[in-house]
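Quick one: structure below, then a few questions.
The values are calculated or read from the model by the stated rules, or taken from the named source; none is laboratory data. Because the structure is predicted, anything quoted here is derived from the model rather than measured. A quick note on method: Cβ atoms are made from the backbone with ideal geometry, for glycine too, and the neighbour counts reach across all protein chains shown.
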Amino acid sequence: MESIGVLLTCPMYTNLHEQLANRFNLFKLWNFSSFQSFSQTHANSVRALVCDTKIGADANTIDSLPNLEIVSTYSVGLDKIDLKKCREKGIRVVNTPDVLTDDVADLAIALALAVFRKIPHSDGYVKNGLWKHGSDYPLTTKFSGKSVGIVGLGRIGSAIAKRAAAFGCPVSYHSRSEKPEAGSSYKYYPNILDLAANSQILVVACALTEETRHIVNRQVIDALGPNGVIINIGRGPIIDQRELVSALVEGRLGGAGLDVFENEPNVPEELMGLENVVLTPHVGTDTVETCNDMADLVIANLEAHFSGKPLLTPVL
Ligand code: DGY
């Protein structure tokens, strides 16, 4: 397969580059602003594109690669890939589901615990010597037993539900695309407003689509109220970020744990000083184990495709 051209547009945390370079004719393009000059010289050689959720594969990129057969994204999220264009052109698409489910669900719970138990504050209290000097330490809020409402009960949402249930939290959910599982012990709300009104913690775990963009709007935030907390491990634009920020600043929402943002890597300045807000830089999947598993899946899918075998995790 050494002569098959693969374009890699994302630096990975793993040795994916070497693994790809050993098997394929690898082109690395970290700086996407040079895509124009790349496409003038090498576009015809590229038969596979490996991207992630930062750069993705938009219509222009896809059109600039005339021999593109497959797009493999190093993510489960597909929101940065023009699926319509891929479908039109008969380009296969694969992603990396399942292997990352536990890590993302773990982070959702970690963020909730960090917000309720003020873990970042406690860390600073010890490291900055405040404990030693006997400064006041605020009481925190119990997490176990709080009602958890999950937006999107797919693979990751279900894994979060299982974890929340283990903390004694009553779990309910809203889901637009997935039908409520028959026999599920979680309460289903056909309306997200009702879910928010009946939850103390709202966890955003659905995919970003045109239907879910800003599904968490001002009304939903207000339904959750000043004691409510939002956790987002899905995608930033699922929440109307402007409304989220003003609700947090005005105290209309109790707190937030956010791993994703509307315009990454930019994060609203107003959030930086808020103690009831815990921020992480879109790292839901970023453990050594999971990044390696995702890399293996990217390579296995490309090998399957170019040897005429069924794809392991086909999207298209
Ligand atoms: C995913 O896999 O979609 C994660 O959000 C990482 O981008």
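In the same structural domain as E211 (by the TED database), in contact (Cβ under 8 Å) with a residue 12 or more places away in the chain and surrounded by fewer than 22 Cβ atoms within 10 Å (Cβ to Cβ): which single residue out of D106, D58 fits that description?
So the residue among D106, D58 that is in the same structural domain as E211 (by the TED database), in contact (Cβ under 8 Å) with a residue 12 or more places away in the chain and surrounded by fewer than 22 Cβ atoms within 10 Å (Cβ to Cβ) is D106.
Here's the yes/no breakdown for (1) in a helix (DSSP H, G or I); (2) within 19 Å of E303 (Cα to Cα):
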{"residue": "T14", "(1), (2)": "no, yes"}
{"residue": "E18", "(1), (2)": "yes, yes"}
{"residue": "N22", "(1), (2)": "yes, yes"}
{"residue": "W30", "(1), (2)": "no, no"}
{"residue": "S34", "(1), (2)": "yes, no"}
{"residue": "R47", "(1), (2)": "no, yes"}
{"residue": "D63", "(1), (2)": "yes, no"}
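Mind counting the residues in segment 83-130 that are charged (D, E, K, R), outside any helix (DSSP H, G or I) and away from the ligand (no atom under 16 Å from the Cβ)? First the steps, then the outcome.
So in segment 83-130, the residues charged (D, E, K, R) come out as 84-85, 87-89, 92, 98, 102-103, 106, 117-118, 123, 127.
Subsequent filtering for residues that are outside any helix (DSSP H, G or I) retains 92, 98, 117-118.
Restricting the remaining residues to those that are away from the ligand (no atom under 16 Å from the Cβ) gives 92, 117-118.
Residues flagged as charged (D, E, K, R), outside any helix (DSSP H, G or I) and away from the ligand (no atom under 16 Å from the Cβ) within segment 83-130 amount to 3.
Ok, one more. Of all residues being touching a helix residue (DSSP H, G or I) at 6+ places or on another chain (Cβ under 6 Å) and of a type outside the set (V, I, T) in segment 13-26, which is farthest from V46 (Cα to Cα)? Just the residue, please.
Per the criteria, the residue is Y13.
Consider segment 6-43. How many of its residues are touching a residue at least 60 places away in the same chain (Cβ under 8 Å) and out of contact with any Gly (no Cβ under 9 Å at 6 or more places or on another chain)?
Summing the residues that are touching a residue at least 60 places away in the same chain (Cβ under 8 Å) and out of contact with any Gly (no Cβ under 9 Å at 6 or more places or on another chain) in segment 6-43 gives 10.
Just to be sure before I move on: is V71 in contact with a helix residue (DSSP H, G or I) (Cβ under 7 Å, 6 or more places away or on another chain), under 26 Å from H282 (Cβ atoms) and either within 16 Å of the ligand (Cβ to nearest atom) or in the same structural domain as S158 (by the TED database) (or both) in the structure I sent?
Working: in contact with a helix residue (DSSP H, G or I) (Cβ under 7 Å, 6 or more places away or on another chain): yes; under 26 Å from H282 (Cβ atoms): yes; either within 16 Å of the ligand (Cβ to nearest atom) or in the same structural domain as S158 (by the TED database) (or both): yes.
Against the criterion (in contact with a helix residue (DSSP H, G or I) (Cβ under 7 Å, 6 or more places away or on another chain), under 26 Å from H282 (Cβ atoms) and either within 16 Å of the ligand (Cβ to nearest atom) or in the same structural domain as S158 (by the TED database) (or both)), V71 qualifies.
Please report, ordered by residue number, the strands (runs of 3 or more DSSP E) entirely within segment 200-316 with at least 2 residues that are away from the ligand (no atom under 16 Å from the Cβ), under 19 Å from the mean Cα position of the chain (by Cα) and at pLDDT 95 or above.
In segment 200-316, the matching strands (runs of 3 or more DSSP E) lie at 201-204, 229-232, 277-279.
Right, another one. What pairs come up if the first residue lies in segment 234-250 and is in contact (Cβ under 8 Å) with a residue 24 or more places away in the chain and in the same structural domain as P265 (by the TED database), the second is of a type in the set (D, E, K, R) and assigned to a helix (DSSP H, G or I), and their beta carbons are under 8 Å apart, counting only those six or more places apart or on different chains?
Sorted first by the residue in segment 234-250, then by its partner, the pairs are D240/R218; E243/R218; V245/E270; A247/R218; A247/D222; L248/E270; V249/E270.
Continuing with the same structure: Give segment 109-120 a look and list any residue that's farther than 16 Å from C169 by Cα and surrounded by fewer than 16 Cβ atoms within 10 Å (Cβ to Cβ), or say none.
Once the filter is applied, which keeps residues that are farther than 16 Å from C169 by Cα and surrounded by fewer than 16 Cβ atoms within 10 Å (Cβ to Cβ), segment 109-120 yields I119, P120.
Out of K80, K89, I need the residue that is at pLDDT 95 or above and within 21 Å of Y13 (Cα to Cα). Which one? Explain how you work it out, then say what you get.
Numbers: K89 fails: within 21 Å of Y13 (Cα to Cα).
Checking each option against the conditions leaves just K80.
Does L111 satisfy being of a type in the set (A, V, I, L, M) and in contact (Cβ under 8 Å) with a residue 60 or more places away in the chain?
The answer is yes for L111.
One residue is enough: does segment 131-151 have a residue meeting the conditions among the small types (G, A, S), away from the ligand (no atom under 16 Å from the Cβ) and part of a strand (DSSP E or B)?
yes
Go through (1) in contact (Cβ under 8 Å) with a residue 60 or more places away in the chain; (2) away from the ligand (no atom under 16 Å from the Cβ); (3) of a type outside the set (V, I, T) for P66 and report which single condition fails.
(1)
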